[in-house]
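Student: Got a structure here, written out as structure tokens. Questions coming.
The values are calculated or read from the model by the stated rules, or taken from the named source; none is laboratory data. Please read these numbers as outputs of a predicted model, since none were measured by experiment. Reconstructed Cβ throughout: ideal geometry from the backbone, glycine too, with neighbour counts over all protein chains shown.
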Amino acid sequence: MKEKIQELAEMIYATQKPRPDNVVPVAWKVFDATEIQYAIEAISDCHWTEWRFNAEFEKKLWEYLWIKYVVTTNSGSSANLLAFTALTAHELKDRRIQKGNEVITVAAGFPTTVNPIIQNWAVPVFVDIELETCEIDIEEIKKALSPKTKAIMIAHTLWNAFNVKAIREICDEHKLWLVEDNCDALGTKYNWEFTGTFWDISTVSFYPAHHITMWEGWVVMTNNVLLKKIIKSFRDWWRDCWCATGEDNSCNNRFGWQLGNLPKWFDHKYIYSRIWYNLKITDMQAAIGVAQLDKLEDYIALRKKNFQYYYDNFSKLGYDEYFHLPKSYPEVDASWFGFWLTLKPNQKFTREDMVMFLNENKIGTRLLFAWNYLKQPGFINYVEDYRVVWDLKNTDYIMENTFWIWIYQWITVANMDYVISKFKEFLDAR
Ligand SMILES: Cc1ncc(COP(=O)(O)O)c(C=O)c1O
């Protein structure tokens with residue numbers, strides 16, 4: 001059976017078309033026959049909900065990152081929601097986040113790093129970022145602190161890393177939770193430690209555009225056993241029962257619990273102690289994740305190489321005259337996702353001119369997420385309770401002047417030379 005599945009996977013993989021050098025799309029899933037083989041194996045297990053591949057994926061990831069607990073979930077948005085909502089649980093006593101508490105964050109980010117704060121009735125407090133690193137400005141965090149501050153919830157920007165040391169000091173001094181959205185930074189290190197492993201809770205993405213993929217999917221990670229229990233319960237409908245999927249009576253007391261106003265002998269599997277949902281993944285997704293994790297180190301190395309190739313060529317061509325090139329802190333060994341460029345003031349062209357030209361030449365670009373989130377229609381129409389510290393000058397500048405190009409692992413030197421030649425053509429004409 002295994003050989004037949006392998007043969008079938010190779011046949012399917014062989015139908016993938018090679019890509020030309022002069023088309024450089026935005027991120028693309030990078031895989032080979034192994035991902036297809038494992039996914040078919042997961043289907044042929046006939047288990048389908050999370051099972052052996054999920055267990056293997058969680059184990060492999062905690063072994064790689066050196067974090068104690070990894071809980072898979074179905075998307076990044078779900079992961080951030082789980083991570084933040086876990087901090088509202090009554091088990092955390094006076095440290096729990098409650099309605100009206102403040103959480104420091106940035107407007108220059110992905111919406112679902114901020115939305116869980118709003119949906120849990122806490123108040124997001126927005127501070128500005130630095131122009132060159134695109135990371136949160138530490139001095140602004142200090143200005144934002146108030147007696148109501150309970151947490152900081154931010155992402156590392158585009159595979160860079162925020163100023164971990166300074167933020168750690170602030171969190172320790174003021175007893176704040178830190179929710180670290182590590183979606184864009186898998187494999188990045190700060191002082192030799194992986195991002196996503198520093199604090200209370202972090203999240204990582206496996207959406208196709210990221211370092212590795214599992215179709216849709218994310219994880220929530222923590223070193224704290226109580227938080228892990230809370231996260232898992234929130235993910236699994238907040239059932240009171242803690243049996244794994246498909247397991248029964250692991251407490252040896254399945255019909256012996258009496259909670260709420262339920263009658264005696266009520267099945268523990270169907271007792272819900274909070275209002276929540278099912279946010280689990282399937283074992284097919286986890287199977288793809290297992291195959292991808294084995295390639296993670298190679299992918300990170302390729303991304304770093306591609307990033308350096310652009311950086312060296314853009315520097316050699318003197319393009320720092322037009323753009324701020326990406327910059328990280330000296331302590332950071334970044335596992336880059338994209339290569340971002342911020343137009344310097346007073347150029348003879350706009351960001352839109354450049355992006356349109358690149359797109360006409362089949363070179364994919366992206367803007368930096370939702371920046372500035374406060375200007376998005378959804379935010380304007382639905383969010384009333386928030387605070388802005390001072391102004392969001394750099395956030396606004398970046399919203400209008402930054403874009404990024406791709407460096408993912410399939411991009412070849414020929415692709416990059418093509419991109420560089422198009423930048424040259426555009427800039428020489430001005
Ligand atoms: C920093 C960050 N957080 C959260 C998300 C949301 O992830 P998902 O699309 O899996 O819901 C993204 C998406 O790319 C992201 O970049």
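Student: Starting from residues that are among the aromatic types (Phe, Trp, Tyr) and under 15 Å from residue 5 (Cβ atoms), keep the ones in region 34-53 and report whichever is surrounded by the most Cβ atoms within 10 Å (Cβ to Cβ). Before the answer, list the steps.
Tutor: As a first pass, look at region 34-53 and keep what is among the aromatic types (Phe, Trp, Tyr): 38, 48, 51, 53.
When the remaining residues are screened for being under 15 Å from residue 5 (Cβ atoms), the result is 38, 53.
Details: 38: 23, 53: 26.
Only one residue tops the list, namely 53.
Student: Here is a further query. Yes or no: residue 204 at pLDDT 90 or above, touching a strand residue (DSSP E or B) at 6+ places or on another chain (Cβ under 9 Å) and surrounded by 17 or more Cβ atoms within 10 Å (Cβ to Cβ)? Reasoning before the result, please.
Tutor: Numbers: at pLDDT 90 or above: no; touching a strand residue (DSSP E or B) at 6+ places or on another chain (Cβ under 9 Å): yes; surrounded by 17 or more Cβ atoms within 10 Å (Cβ to Cβ): yes.
No; evaluated as a whole, the condition is false for this residue.
Student: For a quick check of your reading of the model, give me the residue pairs whose first member lies in region 357-381 and is closer than 18 Å to residue 396 by Cα, whose second is of a type in the set (Asp, Glu) and more than 16 Å from the ligand (Cβ to nearest atom), with beta-carbon atoms closer than 8 Å and at least 6 apart or on different chains.
Tutor: Once the first residue is closer than 18 Å to residue 396 by Cα and sits in region 357-381, its partners that are of a type in the set (Asp, Glu) and more than 16 Å from the ligand (Cβ to nearest atom) give 372/396.
Student: If you don't mind, another one. Collect the residues in region 192-214 that are in a loop (DSSP other than H, G, I, E, B), of a type in the set (Phe, Trp, Tyr) and touching a Leu at 6+ places or on another chain (Cβ under 7 Å), keeping them in residue-number order. Don't jump to the end; show me each part of the working.
Tutor: Within region 192-214, the subset in a loop (DSSP other than H, G, I, E, B) is 192, 195-200, 206-214.
With the extra rule that they be of a type in the set (Phe, Trp, Tyr), the set shrinks to 192, 198-199, 206-207.
Selection gives 199 alone.
Student: Tell me the residue from 217, 260, 246 that is small (Gly, Ala, Ser), crowded, with 20+ Cβ neighbours inside 10 Å and on the phi > 0 side of the Ramachandran plot, please. If you could, list the steps in order and put the result at the bottom.
Tutor: On the way: 260 fails: crowded, with 20+ Cβ neighbours inside 10 Å; 246 fails: crowded, with 20+ Cβ neighbours inside 10 Å.
From the options 217, 260, 246, the qualifying one is 217.
Student: Can you pull out every residue in region 215-242 that is of a type in the set (D, E, K, R), within 16 Å of the ligand (Cβ to nearest atom) and not in a loop (DSSP other than H, G, I, E, B)? Spell out the reasoning first.
Tutor: Narrowing region 215-242 to residues of a type in the set (D, E, K, R): 216, 228-229, 232, 235-236, 239-240.
Applying the additional criterion that residues be within 16 Å of the ligand (Cβ to nearest atom) yields 216, 235.
Within region 215-242, 235 is the sole residue that qualifies.
Student: If you go through region 314-349 one residue at a time, how many are more than 23 Å from the chain's Cα centre (by Cα) and within 15 Å of residue 406 (Cα to Cα)?
Tutor: First, pick out the residues of region 314-349 that are more than 23 Å from the chain's Cα centre (by Cα): 314-324, 343-349.
Among the residues that remain, those that are also within 15 Å of residue 406 (Cα to Cα) are: 314.
Total meeting the criteria: 1.
Student: Where residues in region 153-211 are within 10 Å of the ligand (Cβ to nearest atom) and among the acidic types (Asp, Glu), which of them is farthest from residue 115 (Cα to Cα)?
Tutor: The residue in question is 184.
Residues checked against (1) over 22 Å from the mean Cα position of the chain (by Cα); (2) farther than 17 Å from residue 222 by Cβ; (3) surrounded by fewer than 20 Cβ atoms within 10 Å (Cβ to Cβ); (4) away from the ligand (no atom under 15 Å from the Cβ):
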{"position": "55", "(1), (2), (3), (4)": "no, yes, yes, yes"}
{"position": "59", "(1), (2), (3), (4)": "no, no, yes, yes"}
{"position": "78", "(1), (2), (3), (4)": "no, no, no, no"}
{"position": "86", "(1), (2), (3), (4)": "no, no, no, yes"}
{"position": "94", "(1), (2), (3), (4)": "yes, yes, yes, yes"}
{"position": "107", "(1), (2), (3), (4)": "no, yes, no, no"}
{"position": "111", "(1), (2), (3), (4)": "no, yes, yes, no"}
{"position": "122", "(1), (2), (3), (4)": "no, yes, no, yes"}
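Student: Next question, about the same structure. Using beta carbons and a limit of 7 Å, which pairs, at least six apart or on different chains, have the first residue in region 50-64 and farther than 16 Å from residue 279 by Cβ and without any contact (Cβ under 8 Å) to a residue 40 or more places away in the chain and the second one among the hydrophobic types (A, V, I, L, M, F, W, C) and crowded, with 17+ Cβ neighbours inside 10 Å?
Tutor: Taking only residues 6 or more apart or on different chains, not a single pair turns up.
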